[in-house]
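Here the structure comes first, spelled out in structure tokens, and everything after it is commentary.
Where a number appears in this text, it was derived from the coordinates with a stated rule and is not lab data. Predicted model only: the values in this text are computed from it and were never measured. Cβ atoms come from the backbone with ideal geometry, glycine included; neighbour counts cover every protein chain shown.
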Amino acid sequence: MKRKHANVAGNALMGLGLLTMVLGVGYSILNQLPQLQLPQYLTHGAIFGIFIGALLWLVGARISGREKVADRYYWLRHCGDKRCRRDSHHSH
């Protein structure tokens, strides 16, 4: 898969995962309102949808190459935990 296509596919999966998580959380919250009389059996599906959305998000981040986004933050590189710093004279 070419880089551009992988980036687009990863972004699409991340967007789909985000939408799935938001819809799952929204349905779980709306199901708590008794006046709406939503089916109770769909609550388990909504909670399962949150986990499926998170999985889709992670797969999309892996495909598009965004799994190392934390390395790009200045604060983590320079001022964060010592394990996160990039020191040239660093030894383990």
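As a calculated quantity, the FRET efficiency between Ala54 and Lys4 at R0 = 22 Å, using C-beta atoms, amounts to about 0.30.
The chymotrypsin sites (Phe, Trp or Tyr not before Pro) of the stretch 20-64 meeting both criteria, a DSSP state outside H, G, I, E and B (loop) and at most 11 other C-beta atoms within 10 angstrom of the site's C-beta, are Tyr41.
For the stretch 46-51, putting each phi into the Karplus relation 6.51 cos²θ - 1.76 cosθ + 1.60 with θ = phi - 60° gives couplings of 5, 5, 5, x, 4, 5 Hz, in residue order, rounded to whole numbers and with x for Gly and Pro.
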